[in-house]
Each structure stands twice: as structure tokens, then as C-alpha cells.
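Step one of this worksheet: look at the structure below.
The values are calculated or read from the model by the stated rules, or taken from the named source; none is laboratory data. Note that the structure is a prediction, hence the values are computed from the model and not measured. So basically every Cβ, Gly included, is an ideal-geometry build from the backbone, and we count neighbours across all protein chains shown. The protein model used for the area step is the full one, side chains on, heavy atoms only, and it has no ligands, DNA or RNA in it. Shrake-Rupley method; radii C 1.70, N 1.55, O 1.52, S 1.80 Å.
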Amino acid sequence: KQNAAAQKQAEPAVLQPTPQPKDDFQEELVVRPLHSGDIYASFQFRTLWETDFMRGNKVSHYRLFPKSLGQVISKFSVRELHISFTQGYWRTMQWGQPYLPSPPGAELWVWFQDSVTDVDATWKELTNVLSGIFCASLNFIDSTNTVQPSASFKPLGIGNVTDHRFLRYATLPREIVCTENLTPWKKLLPCGSKAGLAVLLKSEKLFHSSFHSQAVHIRPVCQDWQCKTTSWELRQTLNVVFDLHNSGQGKREWSLFKMFSRTLTEACPLASSSKIYIDITDNPEQFELSPATSLLSQAMVLGDRRTFSVYDLTQQDTFGSVRSLNLLIRWKSTEGDMLRPLLHAERYVAGYGLQTGEIHTLMYNHHPYRSFPVLLLDSVPWYLRLYIHTLTVTSKGKDNKPSYIHYQPSKDRVRPHLLEMLVQLPPNSVTEVTVQFERALLKWTEYTPDPNHGFYVGSSVISSLVPSTVAMDTNSTRERPLFSSFFPCKEESSYFVRVYTEPLLVNLPTPDFSMPYNVICLTCTVVAVGYGSLYNLLTRSFQIEEPSPGLAKRIANVIRKMRGVPPL
Amino acid sequence: MFLSERRRGQLAALSIAAVVIIVGVPLWWRTTETYRAWLPVSQIKELAKLQLQLSADVEVVFARGTVTPEQQKKVPLTQTQEEERAIDGDLIILFLILLIRNTKLESKFFSCHVLFLPEDTALRYSTQADLYLLAFQDVNVYIGQRRTALLRIGPQMRVGKTLEQLLAHLEPRIKQVLQVMSFSHNDITAALSDRVRFSPDNKESIADSMRAFKSSPGYEITFSLLNPDPKSHRLHWDIEGAVQTYIQPLLTKLSPVANFSIDSQTLYYTMLGVNPRFDTSRSAYTLNADSLAHVINPVEARLGSNAASSNPVLNFLLYVPDAQHSPLYIQGRKKQEVPSNAFHSPRWGGIMVYNVNGFYGSEPEFPVDINIDMAKVMGVFLAQLRLLLGVQSSTPPPGFLVARCGSTGLADWELDRLMWSRSVENVATATTTITSLAQLLDQIGNIVINDNIAQQVSSAVTSLQLAVAELEAGNLGFALQYSKEAILASEKAFFDPSLLHLLYFPDDQKFAIYIPLFLPMCVPILLSLLKIVSEARQRRREKQAKKD
């Protein structure tokens, strides 16, 4: 005991002014009850760090920002990195717009700093490293599925680099997302899954859902209004839609425990803000929320003013006397109408047979009286050979000439087709884009292990500034809920939306894979037969042979022999 | 003249057989052959039996009053000594070149200066900002920070001895000095630990040789602050300043050996894998030495690997126990307290437990802001870093005094020793890699050897030969450089993906595919050849019979 006391004495209590940390962590959960009875939960975790990764600056001491991602940024001179893993397809017409859109499978787009000389090599290396970090097959990203969009993917952070030489975009629509991708994603959080909102992220519930999407976005952002200081933002988002019948047992009654099989007991102690928002806009009197909260907040989200009930987890009284928060949301009635999303798109393959086909992309403008332009990006693998002369864009039965077309033809086994165009969508209309293609025959080693399943073609991306019904907030640095502050808003009258269509599944002509052996055997046999007869002709000598005596003669001879008479 | 029909058939069969054998078979062979570039097999075989010659120059200087001027003139200019050490078939010859002459003490690289001093001089001697002081009477040998050693000659050797006697007396002592300052037997064994099979009796030396990291062109040093209880402790550590003050000087000094990069991170909610036991007698928690092995695994899952490079990572963890398990002490094997409260794990890194309950004050209000005393922490980590990098100081023989390493944390001769062992280790590793690659390629005949692999192999062999030659000449810097190049080239060749590119079909399957072609083609040819031979034989027999 004395010893311990002595040890205590030996350690002087150093009383220095503690430096203000330059990093900040926020966490947030938004719950939006959907009209279909499903429920949408969106987690956002944001780490802001006032540091400089630019221009080869060596950053090596990390606190809240994960070291592995920091090293990736500095090693590969990344300016912006956006990666998402999604299982399931977001049903825009049933669910409305998501806070953060993402296509099925994996999507990765990266802006490099302009100091990078060999962008392709850096990109290749980066995808390999990221596939290690996220346990995903991003290493299958190569030149055949990478494109450089010229207009669709602008940097979301500061910096107005528009030279798309430094941009790379790739999707892997076939990627299957599961627990092994969630675990490394959770590891990037400062509190891990030990405290705060991340306690709810249990894979057995998250993957038992209709839609699951997790993403990491890294970008430089402004710290203040004048943008005097910049900082790096790491945003980790996770969106999940629980099914009414599957997870909710058909009852329109949701609770944190029912959704995640956990309740909340504390905020992450490192977080400067930790909040839960419940969207109660559509029918405030139809929900019953317990425990009730008096805190209400309004925010402009996706061109609409929404009202939220807010639970602040940093306040101890949120948890009540039981020291645990289990939010309960109960519908009183199923009345009410959903605001129809203004922009919506779908896509399908038409045609029959295994030689040609046609891709149809339908873009809906549901705005009653405003037309607006959209940017359509299509990246089609080289084995679907697009006939670009058959490209037609029609709306309301009339030809709709795109005002901008950027087309990069494919090269076999080298790069995919890239088609980008700016189309004006007339009010309350459907615009159809069709293009015909021919299916290529692959080499037998290029087929996937299950070729009869078909080949995936990534989603088309439709980016647009949609006219807003309410004035949007253009101040990017003002304190706002995280979910409403991702896409920068430049003007009050419109807001940015990105819509992804369904990925396509296309059958290619598939050979019988025992064919090579059969071909070898057949050719060898044909050659051998031909050779054999030729050989016989060349080497055999032909001579006339006495015809053999008939049967009667032979019998007669036998009898004659027995009689001792000379044969005939 | 008309050939008989029979003769014509025979000729046709023979010519077809000839065409098949002369054109068909070589054509088939050439088109199905795998490409194999030429490899310097004989040179690799020579390298497989590692023969290293290491040399160390020693300059011996007699201070005034130790020898008479006449004697000094008679001192031989050079004297070479050889020492042979065979380790498990690898022959290592250690050269000692004794240069005995009164030259100026210029800092010649890769040489040791041994200065002899009269026994009663008040030892104050300074050279290039090094101040040597032999204050104690029982110290006979002083080893300085640079490559200088001071030796005291006993009174019995002072007067009236011939030069031969003097030299004979000095020789074993110089050897002793050299044992400390240069490459000793243990170092060689450690450097060659991959190639040498250990006898079971010297377990201690195995442990020593396994502690340091393997030689690598670069290392990543990661300092992690583990805070399992962020609700009670708000920790602040000035890692940036501490690295600049304590670690960077050592690494700058070590820069000829390897590249280092340093980073740090803070990890929250990271628990040790072992529940510490509460010791009522000390009212503290203790971790037993036996359980330390289980501490690391759960922590390591959180540490994260280095995404940006493939160099080995040295982890240094500072663990601040949570408020409920505080204070926490590490207990040695004999239940005694470990004063530094730290331990290291061979080839992995070190962990230090930092108790903060002294900061609580009388009525702690959580969370408590705590500034970590970096001098104390870095002292421990620096010692562990030295051990893990293989800068181990073997205990000097009695009568020796080794200078305390200064601000850089590393004496010049220690650096030399490290470079020596790294070069030898690199040479050994690269040789093993190249030899096994050559063996593999020799055994599996249908691996394609591309030109770039052949080029890597030959450049590795060239670098190896150069490294061995430079070691022989005593140019440590170049030797290390070449040995690094050899390692890089050999690893590149060994792990080249093109070596695995082709699918390797077994030979019997390959022939099974060719049988539908070969069988129908060869059977008629063989049959007709047999027939021709048997007919020829019969004709000869008939001729013989006619003659008889």
C-alpha cells in the first residue's frame, strides 16, 4: 500500500493548459416512417479535423480521425473520396428520396489532387488498398469499369477543380454487402460500436432489411463563412429500411428495440453532439411518440420543409429514470398522402435473342409546371456494344434533343462506354432514352463462374438541380442537422438530387464450357481418320486376287477329298 | 525404272515416318513448350554456400610515455589476423587488421581507434567534442561514443619490455575491445537465425536473436494511446513534440540503416485481453507476467494495419487503465514490481501502463483532464525501440566502461554493429530467397520464366556479389546498400505474379488430350515400320539360306 502511495507521490500532477483539440465528432440518427409502413433509419457520423492533407503535407498524428483513412488520403493525394456499399434497391416511388442516394452494389468515386502525375496507377493502387480496408472486392475495379465523367460528378467539397482528368468513377453492381463490410466500417468510428448511436448497429438486424447502404465520404470543407480555415470532413453514413411485414410483423408500431434489438443508454463521450431526429411532418397527429419530447426542429430537406422531434443524447434527462432510451413510434391511422418525388427514373433492357437488345431509360418529371435539366450518366461495359447512332431521346412523343452529349466509345477489354448528356425534362412528362446494343462474345476465360446468371450493368446516374417549393438554406457553415447538409446548396430556388436507376442484368451468349476439350478431340479424330485413309492409299499395294470358290464348290471339294478324287 | 508396287509402299511409309519425326514432333514440341529465360544457376549455386568475409580495421595509437621512440619506429605497419568461424556449414571469416602506427586521430569510417595510455595519467582526453574521462581506478578500458576506445596499460608492462612482449600482451585485449565494438559471435548467429538450426541448449541466445525485427528497408513506428474509459479520462499527449525531442534524433542517426516513418493514433474503448487481478495488500490491480502474452491480441484487432506501405510496423502502446481498474501494475515472474510498468513483445512492439489515479485529486469530477508526462513515457519507449531494432548492448566484460550514449541515443560503433548485422542478415535472406526460387524453377519444369524475372534474379545475384565484396573490404555503407537492393530484387522475382499465371496441368492429362491425335497417327506408322523391318530380316535370312 505504501508502495502505491509512493508511486502516487512520484507522479506529479502536471497542470498545463490543455490544448483545444482541432477535431470534432458528431453523431446523428434520423428516423422517417414511410407511407408503406416500412421505416427508414439513417445514421450519420461526422468527424471534422482542422488539418491539411494537401500538397504532400505529412500528417501523422491522429486523434478522432481514423489513421487508416488518413494514410490513404496522404499517400494517394486524394482530394475527395466517396465510397458506398449497398444491398437492395431504393424504391423512390414508395419511399421518397433518400437523404444520401447510392446505387446497388459498390460505388467509388475519387477526385485526386492535381499534384498526381499518373492518375491511373494511383487509382489502381488506391482501389486495392480500399478493398483491404473495407473487406470488399474493390480490387475488381480496373480500366474496363472505370470512367471519367465530364460533368456528373463535381467535387462536393471546396476547391473548384473541374479538370476531370483527376476524377475516377467506378461501380461494381454485383458486389454483395454483408457483415464483413460492416465491421471495418464500424472500426473507423472513434467510439467503435461500444458507445453512442453505433451501439444499435448490429449486423443480424441491419442485414435483415429491405435496403441497407453504408458509405464513407471524405472531402475538404470550409470551417467558417469566409472559408479562411479549411478542415477535412469524414462522413460515415448508414441507411437502412426495415420492412413492415418482415421485421415489423405487420404491425405499424416501431421501437428502437424492435428495429435494432438494442436500446440506447449513453451518447459517445467523444461526440460534441449526439441527436436522434424523428420525422413527424406528414402526420403529426397520427404518430404517438414515447417518450415524448418537447424539442422540435425544422429543416429544409430535399426541397421540402420538414419537422422533426429531436432527442439530445448528451442530455442526461433524455434517458429518463430507467437510464435507457427505447423510442416507440405508433401509427394511429394509415391515412395520409406521400409527397411524390419530383424526379424519378427507371431502366430496363428490351429485345429478344442473344444478339442484339435495347436499353430503355425512363426519366419522370413530376413537377406540374416547371421543366428542369438533368444530367444522365451511363457507363456500359464494352461487351455490350452500343450503337450510338440509334440513340433517341423522346418526351411526350416528340424528339428531345440533348443540349450536351459527351460520348466516349468503348475499346474491347480496355474501357467501357461512357455516355453523358444534358436533357431538359418538360413539366409532368416522361422522357425516354433508348439505345441499341449488340452482345459481344467473350473469351472463355472472361466469363464469370456462373455465366448463365447474366452480367450486371451498373445503374445510370441522373443528377439534377430540382426546383424547390421552399427556399433552401445556402449557408453551408451554419449549424444544421447532418442529414440536410451533405450536398452543398448554391441557390435558394433549387436543390441537388442524384437518382440512381436499377442495375441491368443482361444475358450474354454463353458457350458450353467443356467445348475446348470436345473440339480438340473432334478435330484430332477427323485429322486421324483423314490421315489414316491417306496413309492406307499411299502405303498399301493393290493386286488382283482370285475370287474364292463358292460354297457349293467347297463342299464338293471336301467330298471329293474324302473320296480320294482330285478337287475341281 | 519402275519400282515394284511393294517397294513403293514401303518407301511411302518410310517417308511419312520421316516427315512425322523430323517435322511433326519438333513442331509440336516447339509450339507447346513454355518460355523459360536463362538464369545464372551456377552463380546461385555458388552463393548457396554462404561465404562471408568481414573485416574491421583497427588503428592502434600509443600515447606518449607508453613506448620509447625507438620501439615505436619498429612497430610493424600492418598486421593481419584471421579468425574463422563456421556456423552450420556457412563459413565466416573474421579479419582483424591491426594497423599499429602513431597517426592522427582522424575519423576514418569503419575503423576503430585504440589508444594506449600510461596507467597513472589523469585520463582527460578530448577529441572532436567527445570528452573521455577515466576517473575510476578499476576501469581499464573505456569505450567512447565514437569509434574510439582507451586502454590502460598496467604498470608491469611499462618499462623494460621488448616490443614483441608488449604486442603479445596487447593482442588479446584488442580482441576483447573488438568483441564489444564490432560484430561478435552472437550477432552473427542472430543475423543468420533463418539459416541456422539452433541447438536446444542455448535458449537464451535464441530469445535474444528473436527479439529484434527482421531486417527491412523501412519500418513504420506507430504510437497508440489506448483510452478504454473516455468517460472518466480526457487524455492529452503531446506526441508531436515528444517524437521530435526523443525519437527523431535516434532515427536520424539510424537513417543509413532503414527508412522510418512515425505516426500516432488514439484509440478509445480498447480493452486488454486479460482481466487484472486485485491485490489487496497493495490495493492495486496487477497483471502477471504469465498473462501478458494474452494482452495483445484483442488490442491488435483495433490497431489497424498500415494501409499505405508493406513495411513491418513497430507498435508502442500507452495504456491508461480505466478508472475502475486503477492503478494497474505489471508484476514480474518473481512477483516483484516492474519499475517501468512496461513490457515488450518480440518483433511486435511495447506496451506501457500509465496510471493516472494520481491526478484525480481529492474529489474527482469525471471526466478528468490529464496531461501525460511524455518524458517518462518516451524514456521507456526509446529503450524498447533500441531493443526491437537490434541495438542491443551486450554486457561488457569486467573492467570495461561504455560511454553513455548522448542525445542521439546511439554510439557510432553501435551503428556500425547494426549495419554489420543488417548487411549479413540481408545477404543471408536474399541468398535463401534466390536459392529457393532457383530450386523451385528447377523442380517444376512448366513454369514460365519471363525475361523480367530473369533480369531481377541476375540483378539480385550481382547485388549480392557486390555486397559480399564490400563487406570484405569493410565498406559497410555500400555493403548495406547493395544487400538491400539484393533483397528487393530477390523478393520481387520470388513474388512475381507471372510465376503463377499459367495453370499447371499435370503431364498425364496433357497427353490424354493428345491421344485422339497421336494414337491413330502413330499406330499405322509403327505397324508398317515393324512390317518393313521383319520383311527385311526375312529377306536376309533367305539370302543367307541361298548362300549356304
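Some observations on this one:
- Among the conditions (1) part of a helix (DSSP H, G or I); (2) at pLDDT below 80, the only one that B:Glu491 does not satisfy is (2).
Okay, residues lined up against (1) surrounded by 13 or more Cβ atoms within 10 Å (Cβ to Cβ); (2) part of a strand (DSSP E or B); (3) of a type outside the set (Val, Ile, Thr); (4) assigned by TED's automatic domain parsing to the domain that holds B:Cys522:
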residue: B:Ser15; (1), (2), (3), (4): no, no, yes, yes
residue: B:Val23; (1), (2), (3), (4): no, no, no, yes
residue: B:Trp28; (1), (2), (3), (4): yes, no, yes, yes
residue: B:Lys45; (1), (2), (3), (4): no, no, yes, no
residue: B:Glu59; (1), (2), (3), (4): yes, yes, yes, no
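- Just one of the listed residues (A:Leu354, A:Leu375) is farther than 22 Å from A:Leu172 by Cα and hydrophobic (A, V, I, L, M, F, W, C), and it is A:Leu354.
- Filter pass, A:Leu244 being over 30 Å from A:Tyr62 (Cβ atoms), of a type outside the set (Asp, Glu) and touching a Gly at 6+ places or on another chain (Cβ under 9 Å): yes
- The set of residues from the stretch A:249-278 being in contact with a Gly (Cβ under 7 Å, 6 or more places away or on another chain), in a loop (DSSP other than H, G, I, E, B) and away from chain B (no Cβ under 14 Å) comprises just one member, A:Arg252.
- Which listed residue is away from every other protein chain (no Cβ under 14 Å), among the aliphatic types (A, V, I, L, M) and either more than 26 Å from A:Lys411 (Cβ to Cβ) or not in a loop (DSSP other than H, G, I, E, B) (or both), from A:Val519, A:Val435: A:Val435
- Scan of the stretch A:50-106 for residues that are among the small types (Gly, Ala, Ser), assigned to a loop (DSSP other than H, G, I, E, B) and within 12 Å of chain B (Cβ to nearest Cβ), ordered by number: A:Ser60, A:Ser77
- Qualifying residue in the stretch B:211-233 (condition: among the aliphatic types (A, V, I, L, M), surrounded by fewer than 18 Cβ atoms within 10 Å (Cβ to Cβ) and at pLDDT below 85): no
- Scanning the stretch A:25-39 for residues that are more than 23 Å from the chain's Cα centre (by Cα) and modelled with pLDDT under 90 yields a total of 4.
- Of all residues in the stretch A:302-358, those being charged (D, E, K, R) and part of a strand (DSSP E or B) number 8.
- Among residues of the stretch B:530-548 being of a type outside the set (D, E, K, R) and open to solvent by less than 50 Å² (accessible area, probe 1.4 Å), the one that is farthest from the other protein chains (Cβ to nearest Cβ) is B:Ala536.
- Any hit, the stretch A:334-351, residues being in contact with a Leu (Cβ under 8 Å, 6 or more places away or on another chain), among the acidic types (Asp, Glu) and open to solvent by less than 40 Å² (accessible area, probe 1.4 Å): no
- Residue within the stretch A:413-430 that is open to solvent by 20 Å² or more (accessible area, probe 1.4 Å), under 17 Å from A:Leu504 (Cβ atoms) and touching a His at 6+ places or on another chain (Cβ under 6 Å) present: no
- Residue pairs meeting the criteria (Cβ under 7 Å; at least 6 apart or on separate chains; first within 14 Å of chain B (Cβ to nearest Cβ), in the stretch A:193-210; second part of a helix (DSSP H, G or I) and surrounded by 18 or more Cβ atoms within 10 Å (Cβ to Cβ)): A:Ser193/A:Lys186; A:Ser193/A:Val199; A:Ala198/A:Lys186
- From the options A:Arg563, A:Arg498, residue that is away from chain B (no Cβ under 12 Å) and open to solvent by less than 50 Å² (accessible area, probe 1.4 Å): A:Arg498
- From B:Thr245, B:Thr222, residue being touching a residue at least 60 places away in the same chain (Cβ under 8 Å), outside any loop (DSSP other than H, G, I, E, B), of a type outside the set (Phe, Trp, Tyr) and at the interface with chain A (Cβ under 9 Å from one of its Cβ atoms): B:Thr222
- Filter result for B:Arg36 (at pLDDT 80 or above and within 14 Å of chain A (Cβ to nearest Cβ)): no
Residue by residue, here is whether (1) open to solvent by 10 Å² or more (accessible area, probe 1.4 Å); (2) out of contact with any Asp or Glu (no Cβ under 8 Å at 6 or more places or on another chain); (3) of a type in the set (S, T, N, Q) holds:
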{"site": "A:Phe53", "(1), (2), (3)": "no, yes, no"}
{"site": "A:Lys58", "(1), (2), (3)": "yes, yes, no"}
{"site": "A:Ile73", "(1), (2), (3)": "no, yes, no"}
{"site": "A:His82", "(1), (2), (3)": "no, no, no"}
{"site": "A:Tyr89", "(1), (2), (3)": "yes, no, no"}
{"site": "A:Met93", "(1), (2), (3)": "yes, yes, no"}
{"site": "A:Leu100", "(1), (2), (3)": "yes, yes, no"}
{"site": "A:Pro103", "(1), (2), (3)": "no, yes, no"}
{"site": "A:Leu108", "(1), (2), (3)": "no, yes, no"}
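- Residue satisfying all of: in the stretch B:336-369; within 13 Å of chain A (Cβ to nearest Cβ) and of a type in the set (A, V, I, L, M); most open to solvent (accessible area, probe 1.4 Å) among these: B:Val338
- Tally, over the stretch B:277-288, of residues that are away from chain A (no Cβ under 14 Å) and either in contact with a Leu (Cβ under 7 Å, 6 or more places away or on another chain) or surrounded by 15 or more Cβ atoms within 10 Å (Cβ to Cβ) (or both): 1
- Within the stretch B:371-393, considering residues that are under 16 Å from B:Pro321 (Cα atoms) and either open to solvent by less than 50 Å² (accessible area, probe 1.4 Å) or in a helix (DSSP H, G or I) (or both), the one nearest to the other protein chains (Cβ to nearest Cβ): B:Asn371
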